[in-house]
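I have placed the structure first, in the form of structure tokens, so that the comments after it can refer back to it.
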């Protein structure tokens, strides 16, 4: 009984078993990718925060304008300050011949 001869293809190596995190350049590429995403998300967060503060400022301006208009309506004796009563009658167009 003869032992089969082994060649170069039969040598076992660890070449395909190395993880991507242990290869230095792959780790640096992943770190740089993560840092770029972090910078983008930070800018996006700051933009959203600024938009929220702009919306809140505009809402307070609207409330201030509303109160000033309501006060102006209450001070004068205008007939437009009071809500008008709706007329009862036919709805739509009335055509006379």
When 25, 97 are ordered from fewest to most other Cβ atoms inside 10 Å of their Cβ, what list results? 97, 25
Going fewest to most other Cβ atoms within 10 Å around each Cβ, 94, 38 line up as 94, 38
Kindly provide the Kirkwood hydrodynamic radius of the stretch 19-75 in Å, to one decimal, from all pairs of distinct alpha carbon atoms. 15.3
Residue exposure sequence - 11, 29 - by fewest surrounding Cβ within 10 Å: 11, 29
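We did not get these values from a lab; they are worked out from the coordinates using the rules stated. Here the structure is a predicted model, which is why all the values come from computation and not from measurement. As a convention, Cβ positions derive from the backbone with ideal geometry for all residues, glycine included, and neighbour counts pool all protein chains shown.
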